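Q: Please see the structure below; I have some questions.
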Amino acid sequence: MAETPKRAGLLELFYVFAKISALTIGGGYVMFPLMIREVAETRKWLTEEELVDYFALGQSVPGIIAMNTATLVGYRKRGIPGAVFAAAGMAAPSLVVILLIAAFLTPCFDHPAVKKAFAGIRAAVVAMLLMAVWQVGKKSINTVSKGVIAAVSCIAIVGFQLNPVLMICAGALLGFLLFKKEAENG
């Protein structure tokens, strides 16, 4: 028997997404593993599959992936107020940090120690990106046909510089045509 999704409070939505935003460096792909842990595993607001779908939709529309995903989760849990609180939570830590950096740290960017620190941060962010790719991939690419769509899309985008939006649309069309039974059963 499926577990009933837990109702989220507005302040809880704000707190969860503020925590995710505050604890990660590198954007939506880096935040995604923490979103899975907080939203799907710990709070059980959504399943991992639903969160992967929201993340894909968040990437497919204009804007910041993490913000779009947080807004979708908030809307799903509490409607428009939930969307506002989740989005505000996602934005708050970044706003504070950017204001502090602009006010106090801009002169330090050329210091050798700061440059070395950023080199280490970039390397760690690559690991987080790979983790996000792995987590999305293991939930999304579970058949040969889905693997082929992913591989062809990657080759088209990287090798032939095709527009990623075109690949998303092509993936949506192929999914509609190929996975009708899966959608009906799931």
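Q: Over every pair of different alpha-carbon atoms in region 1-59, take the mean of 1/r and invert it; report that Kirkwood radius in Å.
A: Hydrodynamic radius (Kirkwood, Cα pairs) of region 1-59 is 12.0 Å.
Q: How many nm is it between the label spots at Val148 and Ala119, if each spot is 7 Å from the Cα in line with the beta carbon?
A: Here the modelled spin labels are 4.6 nm apart.
Q: Let me check I have the definition right: for region 9-106, take the eigenvalues of the Cα gyration tensor, multiply each by 5, take square roots. What are those semi-axes in whole Å, largest first?
A: One finds semi-axes of 22, 14, 12 Å for region 9-106.
Q: Kindly provide the helix-only [θ] at 222 nm of the chain, computed as the sum of -39,500 (n - 2.57) over DSSP H runs of four or more divided by all residues, to the nearest 500 deg cm²/dmol?
A: Calculated at 222 nm, the ellipticity per residue is -23500 deg cm²/dmol.
Q: I'd like to compare 72-78, 158-164: which one has the highest average count of other Cβ atoms within 10 Å, and what's the full order after that?
A: Most protected by this proxy first, the peptides run 72-78, 158-164.
Q: Kirkwood hydrodynamic radius (Cα pairs, Å) of the chain?
A: 18.2
Q: Once each part is reduced to its C-alpha centroid, what is the distance from region 56-80 to region 13-50 in angstrom?
A: 12
Q: Let me ask you something else. What does the charge count near Met35 come to, summing +1 for each Lys or Arg and -1 for each Asp or Glu among other residues with Cβ under 14 Å from its Cβ?
A: Once positives and negatives cancel, what remains is +1.
Q: Bin by bin, in steps of 5 Å, what percent of the Cα pairs in region 78-125 do you find, going until the bin that has the longest distance?
A: All Cα pairs considered, the percentages come to 5, 18, 13, 18, 17, 10, 8, 7, 3, 1.
Q: Here's a follow-up. For the peptides 116-124, 52-60, what is the packing order when you average, over each peptide's residues, the other Cβ atoms within 10 Å and list the highest mean first?
A: My ranking of the peptides, most packed first, is 52-60, 116-124.
Q: Taking a cut-off of 27 Å between Cα atoms, list the lysines near Lys139, but don't count ones fewer than 8 places away on the same chain.
A: Lys6, Lys19, Lys44, Lys77, Lys180, Lys181
Q: If you plug each phi of region 42-57 into the Karplus form 6.51 cos²θ - 1.76 cosθ + 1.60 with θ = phi - 60°, what whole-Hz ³J(HN,Hα) values come out, in order, with x for Gly and Pro?
A: 6, 9, 6, 6, 9, 7, 4, 4, 5, 5, 4, 4, 5, 5, 4, 5
Q: Still on this model: Write out the GluC sites (Glu not before Pro) in region 1-83 meeting two conditions: DSSP loop, and at most 16 other Cβ atoms within 10 Å of their Cβ.
A: Glu3
Q: Could you calculate, for region 141-186, the ratio of the Cα radius of gyration to the Kirkwood radius, expressed as Rg to Rh?
A: When Rh is taken as the Kirkwood radius, the ratio is 1.03.
Q: What are the ³J(HN,Hα) values, in whole Hz, obtained from phi via the Karplus relation 6.51 cos²θ - 1.76 cosθ + 1.60 with θ = phi - 60°, for each residue of region 60-77 in sequence order, with x given for Gly and Pro?
A: 7, 10, x, x, 7, 3, 5, 5, 4, 5, 4, 4, 5, 4, x, 5, 4, 7
Q: Taking 7 Å along the Cα-to-C-beta vector as the label spot, tell me the Leu100-Leu57 distance in nanometres, rounded to one decimal.
A: Spacing of the two 7 Å Cα→Cβ label points: 3.4 nm.
Where a number appears in this text, it was derived from the coordinates with a stated rule and is not lab data. Given the structure is predicted, the values throughout are model-derived calculations rather than measurements. All Cβ positions, even for glycine, are placed from backbone atoms using ideal geometry, and neighbour counts span all protein chains on display.
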